[in-house]
Amino acid sequence: MRKSLLFTAMALVFVVASCCNKPSIVWTEGEKDAETGRATHVITVVNAPEGTDWTLWLTSNHIDSREVEGTEGVIELHHGCWYKMIPLAREGKNLVVKYSDRPLQRHCWAPEGFVLEKESRRIPLEVKYEFLPSENIPDFPYNHVKTEVWDMVPSLKHVQPAEGTTTVDALPEAVMVEGQKAGWYKITLDGACRIEAADEDGAYYAKVTLENLIRNAGGNELPDLVIEDWPDFVYRGFMLDISRNFTSKENILKFIDILAHYKVNVFHLHFGDDEGWRVEIPQFPELTSYGAYHSFPVKNQAGEYVEEDYLLPSYNGGIDPDDMESSANGHLSKEDYIEIVRYAWERRIKVIPEFDTPGHSRAAIKAMEAYAERTGDDSCLLSEKEDVSEYCSVQYYRDNAINVALLSTYKFIEVVFDDLIAYHKEAGAPLPAIHVGGDEVPHGAWVGSPACQKIMAERGWDNIELLKSYYIENVLDIAEARGVKIAGWQELVMDLEDHVYERMKKNLYSVNFWHTGGEQQEYPYKYANDGVPVVLSNMTNTYVDFAYTPDKTERGLSWGGFVDERRSFSLLPYDIYRSVRWDDKGRMRDISTLPEGKTSLTARENVVGVQAQLWTETVRSFDHVTSYVFPKVCGVFERAWNASPSWEGTIVADDPLFMEDLDRYYSTVVSHEMPYYESEGIAYRHRKN
């Protein structure tokens, strides 16, 4: 049994001792101050312990805490998303902590995971939230139109209706034909049902289309028609982050079924990040036994909090590593992963695994330190004891960057590559690429590393950023030796030495361009024009972890805006500058001049696809996963299949061509997709009027 049982026993003792006076929390949202733009929030510790020799711990995406006069406690960042509240002298039975912070933008951003620590006792506290009244913001308006049996997501390219009906008792085998595009298929219903296809993908997509026709018709008697259809992009993807918050194999298999329903062909599984490593690598048991579970750290003799057996609490604040209902805990075994890969490929979906490097790697770094501590084998360490670099990542970690100068780093990567390659081989499924991340390495990483400084001196470098090229060269050595392509986020191909960049391009499967704000919105076309295989992953259109609307009761993030079904549908792969037609307050934008002075796309063939992303910082359950995604993601899947809609090239946001297409698309979502979710027991986000 895990050591958390000791915590549980201690907590029970504390509860019994407290009896009816058990401490609890009331968190109260404060009003925005017109002058400062800030708000004073209040944490009330009801039935607080006597004295001040105790600490209250809590988690939050971010608290910019400033002390307020009269407060009875102060809040400090410990690490990552974990904060501590230190009590001051007080009067009365309750302790009242006032702190100035940003106004609360989402209810789900309120602090959670409150844990009271007194001496060696730790007890999770119940919390009651008192939110200010919030405005109910309705969804975008649309005109509902009558849909046909053949209306579905993604929409079919060519449909020719005819007189009569055909009863489809069984799905026929496809006849393979030559000379058509990849994924092409043709369905003829004329008293009999016939399928022609260019390949196995096309045959599968024809099957999905027939299933949708039967679903929409409410039975197997279908109108006679001829359908000819094919995908525009070879890469139509979805990324699921199971590192920040985990979801089970069973849930992933169910999710893959839904992706197959939308003819998605790439499942990008983000399993390694700061908050968790979620796929078993047998040679390094600690990656999952340590790096996939969270607990309250151990306090050593020096009074420091040490992550002895598990990672420190993450976003949901859970401290019990035995709690398998908690999204903080869990991992996929080798067998689980192989089953997922095989299951996906049976549905013509390729799995691209990702463990983010060299930034966003805290779980792996800490796990490999635990591995070295247990075994005495430091040959695969990702960190250097003598490294005194000072930095802070976007998520407030100070130790999440792999040391790229260590030989042990590349031995570790070799082992992970070899296992992933072997898993896909055993599954009998292709491995398109291994995604190595490459994004958001914090400024200041490696500066205080003797090993990094040695590499710099040997190469005569005076720019620490050149170590990125050193890292990429070593990763390419590993990939080339194994005949596997690599993928990454946009930062992977940026700021490299010329020879490394050119070598990289020869070994790339795809690059996800995500940060498409400001001048960075030109990057996808600049790099596509230069020969980089670009997958559009625009935060403004494809980040389905963003809230649907500014309504504070909506779950999700909004640092890059809001994404709803209209925003995702508005994506134009070949005119990205006009892909946001309404701003985050629902106001129509002037899109007529947006492309002026910006990079034009001259190598369309290098925009290879579109992908939706679900990051899971604010996700706490599988119901959250599906309600964040559906039906918002439908627009991404529509555009991945049909890259150039009829309204491409229009220069007015609400051009009649766009509005007519939007109405039909969204009417299809309401009439066909939402009932589908209901029938499959899939939690989804209902329309707000």
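Brief remarks on what is shown
- All conditions in (1) in a loop (DSSP other than H, G, I, E, B); (2) within 25 Å of Arg664 (Cβ to Cβ) hold for Leu132, with the sole exception of (2).
- Criterion violated by Ile464 - all others in (1) touching a residue at least 60 places away in the same chain (Cβ under 8 Å); (2) closer than 14 Å to Val404 by Cβ satisfied: (1)
- Of the residues in the stretch 331-343, none is surrounded by fewer than 20 Cβ atoms within 10 Å (Cβ to Cβ), without any contact (Cβ under 8 Å) to a residue 40 or more places away in the chain, part of a loop (DSSP other than H, G, I, E, B) and out of contact with any helix residue (DSSP H, G or I) (no Cβ under 7 Å at 6 or more places or on another chain).
- Criterion: in contact with a Leu (Cβ under 8 Å, 6 or more places away or on another chain), within 23 Å of Phe233 (Cα to Cα), modelled with pLDDT of 95 or more and not polar (S, T, N, Q) - qualifying residue of Val625, Val580, Val607, Val633: Val607
- Filter result for Glu67 (within 29 Å of the chain's Cα centre (by Cα) and free of Cβ contacts under 8 Å to residues at least 40 places away in the same chain): no
- Cross-chain or 6+ apart pairs with Cβ under 8 Å, the stretch 366-380 first and in contact (Cβ under 8 Å) with a residue 60 or more places away in the chain, then acidic (Asp, Glu) and in a helix (DSSP H, G or I): Ala367/Glu286; Met368/Glu286; Ala370/Glu286; Tyr371/Glu286; Arg374/Glu286
- Boolean, Tyr99 is closer than 23 Å to Thr616 by Cα, modelled with pLDDT of 95 or more and part of a strand (DSSP E or B): no
- Counting the residues of the stretch 29-80 that are within 26 Å of Glu307 (Cα to Cα), touching a Pro at 6+ places or on another chain (Cβ under 8 Å) and among the aliphatic types (A, V, I, L, M) gives 3.
- Condition met for Pro550 (modelled with pLDDT of 95 or more, over 19 Å from Thr516 (Cβ atoms) and touching a Ser or Thr at 6+ places or on another chain (Cβ under 9 Å)): yes
- Listed here are the strands (runs of 3 or more DSSP E) enclosed by the stretch 140-218 that have at least 3 residues being of a type in the set (Val, Ile, Thr): 158-167.
- Residues (out of contact with any Asp or Glu (no Cβ under 9 Å at 6 or more places or on another chain) and surrounded by fewer than 19 Cβ atoms within 10 Å (Cβ to Cβ)) located in the stretch 142-161: Lys146, Thr147, Glu148, Val149
- Just one of (1) closer than 20 Å to Tyr666 by Cβ; (2) in a helix (DSSP H, G or I) fails for Leu571. It is (2).
- Within the stretch 431-460, restricting attention to residues that are among the small types (Gly, Ala, Ser) and farther than 17 Å from Gly272 by Cβ, the residue that is nearest to the chain's Cα centre (by Cα) is Ala445.
- Among the residues of the stretch 219-253, those identified as in contact (Cβ under 8 Å) with a residue 60 or more places away in the chain, in a helix (DSSP H, G or I) and more than 15 Å from the chain's Cα centre (by Cα) are Lys249, Asn251, Leu253.
- Comparison of Leu253, Leu189, Leu222, Leu240 shows that the only residue that is surrounded by fewer than 22 Cβ atoms within 10 Å (Cβ to Cβ), over 16 Å from Arg348 (Cα atoms), modelled with pLDDT of 95 or more and among the aliphatic types (A, V, I, L, M) is Leu222.
- Every residue from the stretch 604-653 that is under 28 Å from Gly556 (Cα atoms) and among the β-branched types (Val, Ile, Thr): Val610, Thr616, Thr618, Val619, Val625, Thr626, Val629, Val633, Val636
- Any hit, the stretch 640-650, residues being touching a residue at least 24 places away in the same chain (Cβ under 8 Å), out of contact with any Asp or Glu (no Cβ under 8 Å at 6 or more places or on another chain), of a type in the set (Asp, Glu) and not assigned by TED's automatic domain parsing to the domain that holds Asn61: no
- For Glu354, the conditions (1) in a loop (DSSP other than H, G, I, E, B); (2) crowded, with 17+ Cβ neighbours inside 10 Å; (3) acidic (Asp, Glu) all hold with the exception of (1).
- Every residue from the stretch 357-410 that is out of contact with any helix residue (DSSP H, G or I) (no Cβ under 8 Å at 6 or more places or on another chain), among the acidic types (Asp, Glu) and in a loop (DSSP other than H, G, I, E, B): Glu390
- Within the stretch 674-685, the set of residues being in contact with a helix residue (DSSP H, G or I) (Cβ under 8 Å, 6 or more places away or on another chain) and over 15 Å from Phe255 (Cα atoms) comprises just one member, Arg685.
- From Val416, Val441, residue being more than 26 Å from His78 (Cα to Cα), crowded, with 18+ Cβ neighbours inside 10 Å, of a type in the set (Val, Ile, Thr) and touching a residue at least 60 places away in the same chain (Cβ under 8 Å): Val416
- Here Leu213 does not qualify as within 24 Å of Ser627 (Cα to Cα), in contact with a strand residue (DSSP E or B) (Cβ under 7 Å, 6 or more places away or on another chain) and modelled with pLDDT of 95 or more.
The values are calculated or read from the model by the stated rules, or taken from the named source; none is laboratory data. Keep in mind that what you see is a predicted model, and the values were worked out from it rather than measured. Note that we place each Cβ from the backbone using ideal geometry, even for glycine, and neighbour counts take in every protein chain shown.
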